[in-house]
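Worksheet: one structure, shown below.
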Amino acid sequence: MCTVVVRRSAGQPLRVLALRDELTTRAFDDPGRWWPDSPDVVAGRDRLAGGTWCASRVGTGATALVLNRPHRREAEPGAASRGVLPLLAVARGSDWRSRVDLAGMAAFLLVLATPDRLVTWDFDGERLRETTHPEGTVMVTSGGPEDRKTERHLAGFRAADPPDGWRHLVQDAPPRDDPGALVVRHEKDGRVFATVFGQLIEAEPGRLRLSWSREPWTARPWHTLVVGPEARGAG
């Protein structure tokens with residue numbers, strides 16, 4: 001995961017945009033209930049490590065996301081995968097820290113968004129720093145050159161109404177070899193690292209509306225899943 005936008009407003013559902021940038025050869029499954037011991041959790045599944053980049057829990061309205069950070073790019077042998085973090089966060093809240101050993105893990109930014117709060121944990125490979133964010137629209141990225149995304153695009157997301165307004169911002173330009181672009185495509189040594197997935201989330205306790213696309217910059221319709229009231233009308 002490389003770009004996340006979260007909007008929290010009193011009396012309104014939580015809204016999240018998540019853009020995943022990854023090697024195009026890394027296989028993954030679309031959002032579903034992939035974990036039998038967590039039937040209340042809907043998430044995409046990474047086929048290589050078995051975890052996820054973004055998980056939502058229907059009953060609580062919580063969504064957790066993990067972004068790579070540049071401080072320590074590779075995990076040490078035997079260290080936990082970052083893909084377990086969103087699953088732990090939606091299940092345990094802030095207590096996720098007691099359920100995983102951070103020693104040797106690659107650097108990450110973990111986002112936990114609920115209708116009541118937005119908290120991030122930034123791990124640089126040695127220290128974990130917690131930040132609580134105010135209401136409103138917040139944008140986070142993988143850091144480094146990608147922080148240009150916030151400088152260029154946060155004002156647009158604050159002004160636009162989700163989900164359609166946010167989706168239109170994502171569709172404003174095709175993928176570019178520019179770390180400040182919302183959707184990217186970088187090629188090096190025969191490998192392509194690009195935006196491979198986009199999803200829009202609207203959540204409140206007991207109801208989740210999730211739309212997604214593997215080509216979010218195009219005008220093609222997104223898939224939609226609704227769990228909870230009004231679920232029968234989803235396509």
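The values are calculated or read from the model by the stated rules, or taken from the named source; none is laboratory data. As the structure is a prediction and not an experimental result, all values here were calculated from the model. Here the Cβ is made from the backbone with ideal geometry for all residues, glycine too, and neighbour counts use every protein chain on show. Just the protein is used for accessible areas: all its heavy atoms, side chains included, with ligands, DNA and RNA removed. Shrake-Rupley method; radii C 1.70, N 1.55, O 1.52, S 1.80 Å.
Condition first: in contact with a strand residue (DSSP E or B) (Cβ under 7 Å, 6 or more places away or on another chain) and either open to solvent by 40 Å² or more (accessible area, probe 1.4 Å) or more than 17 Å from A10 (Cα to Cα) (or both). Now tell me which residues in the range 116-132 satisfy that. R117, T120, W121, D122, F123, L128, R129, E130, T131, T132 - these are the residues of the range 116-132 that are in contact with a strand residue (DSSP E or B) (Cβ under 7 Å, 6 or more places away or on another chain) and either open to solvent by 40 Å² or more (accessible area, probe 1.4 Å) or more than 17 Å from A10 (Cα to Cα) (or both). So, of the residues in the range 133-175 that are buried (at least 17 other Cβ atoms within 10 Å of the Cβ) and charged (D, E, K, R), which turns out to be modelled with the highest pLDDT? Ranking the candidates gives R167 first.
For A194, are the conditions met, namely being open to solvent by less than 30 Å² (accessible area, probe 1.4 Å) and either among the polar types (S, T, N, Q) or over 16 Å from the mean Cα position of the chain (by Cα) (or both)?
It is false that A194 is open to solvent by less than 30 Å² (accessible area, probe 1.4 Å) and either among the polar types (S, T, N, Q) or over 16 Å from the mean Cα position of the chain (by Cα) (or both).
Taking first residues from the range 33-51 that are touching a residue at least 24 places away in the same chain (Cβ under 8 Å) and partners that are among the hydroxyl-bearing types (S, T, Y), the Cβ contacts under 6 Å between residues at least 6 apart in sequence or on separate chains come to V42/S56; A43/T52; G44/T52; A49/S81; G51/S81.
Only one entry in V138, V84, V100 is closer than 16 Å to V16 by Cα and either in contact (Cβ under 8 Å) with a residue 12 or more places away in the chain or of a type in the set (S, T, Y) (or both), namely V138. Once the range 95-104 is narrowed to residues that are touching a Leu at 6+ places or on another chain (Cβ under 7 Å) and part of a loop (DSSP other than H, G, I, E, B), the residue that is nearest to A55 (Cα to Cα) is V100. Where strands (runs of 3 or more DSSP E) sit wholly within the range 105-158, those with at least 2 residues that are within 20 Å of T195 (Cβ to Cβ) occupy 108-113, 136-141. Counted as qualifying within the range 27-84 are the strands (runs of 3 or more DSSP E) with 3 or more residues that are of a type outside the set (A, V, I, L, M) and closer than 19 Å to R99 by Cβ, namely 54-57.
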